[in-house]
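*Asks:* Submitted below is the structure of interest, expressed as structure tokens.
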Amino acid sequence: MRSKTDEKRNAIIEAATAVFEEVGYQRASMAMISARLGGSKATLYGYFRSKEQLFATVMTSVLEETGEGILAGLSSSDDIATVLRRFGRQYLDLITQPEIMAIQRTVLSEGQNSTLGREVYELGPQRGVMAMTEFFAARTAAGDIDPPSPELAALHFKGLLEVGIIEPLMFGLDPVRDKAEATDTAVAAFLKIYGKVPADAAE
């Protein structure tokens, strides 16, 4: 059963979502959102410290349920190549959704003039990198890979997945790579660089 605190927070997010959709991020204000909610600005600030944080929460809320499921898949005991291929395909399907790309464009256009970029990054991409880092740390300890650091491994794998896909989309163009092929290539390249050669194969 949800607490009243959760219900109020969700009500704020719902009201903010409506306002952002109607007038856009730049024109929206905490006063407009509190009016839509039927409360005071003090109530909003009790849950969110700024418009930037509230916008970031609204935007990343579309990622939470699906994103958490994708990240949970990293706890699988399957072999590392299988886990990475499954994660890679799900990750690319998620971040190439039109609404997700719209979030990124908004952040790029508005983030340099506010804390919006930091807010969205911490709630979205950073959480993904941290989960991947934990996965690669565990697989390094298990002897599956041998990267310079788990965090670097996470960043490299993320880059291998996104190359040729995300940048064209950000400019309104079609990806130059197929997502399934991109995932398979990323996994193969990653394991060629950081995969550990079995002892009997090295002799």
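The values are calculated or read from the model by the stated rules, or taken from the named source; none is laboratory data. Quick caveat, the model's predicted, so the values are computed rather than measured. Positions of Cβ are generated from backbone atoms using ideal geometry, with glycine treated the same way; all protein chains shown enter the neighbour counts.
*Asks:* Return a yes/no flag: does segment 138-153 have any residue that is in a helix (DSSP H, G or I), touching a helix residue (DSSP H, G or I) at 6+ places or on another chain (Cβ under 8 Å), of a type in the set (Val, Ile, Thr) and touching a residue at least 12 places away in the same chain (Cβ under 8 Å).
*Replies:* The answer is yes; a qualifying residue exists.
*Asks:* Considering segment 12-33 alone, what residues qualify as being of a type in the set (Ser, Thr, Tyr) and either at pLDDT 90 or above or assigned by TED's automatic domain parsing to the domain that holds Thr57 (or both)?
*Replies:* The initial filter retains those residues of segment 12-33 that are of a type in the set (Ser, Thr, Tyr), namely 17, 25, 29.
Within segment 12-33, Ser29 is the sole residue that qualifies.
*Asks:* Also, quick follow-up: Please determine, by comparing only the residues of segment 105-141 that are polar (S, T, N, Q) and closer than 25 Å to Gln90 by Cβ, which one is modelled with the lowest pLDDT.
*Replies:* Thr106
*Asks:* With Arg36, Arg9, Arg86 as the choices, which residue is in the same structural domain as Ala182 (by TED's automatic domain parsing), among the charged types (D, E, K, R) and either in a helix (DSSP H, G or I) or closer than 25 Å to Tyr121 by Cβ (or both)? Talk me through it step by step, then tell me what you get.
*Replies:* Details: Arg36 fails: in the same structural domain as Ala182 (by TED's automatic domain parsing); Arg9 fails: in the same structural domain as Ala182 (by TED's automatic domain parsing).
Within the list Arg36, Arg9, Arg86, the selection yields Arg86.
*Asks:* Of all residues in segment 39-58 being more than 29 Å from Pro125 (Cβ to Cβ) and surrounded by 14 or more Cβ atoms within 10 Å (Cβ to Cβ), which is modelled with the lowest pLDDT?
*Replies:* The qualifying residue modelled with the lowest pLDDT is Gly39.
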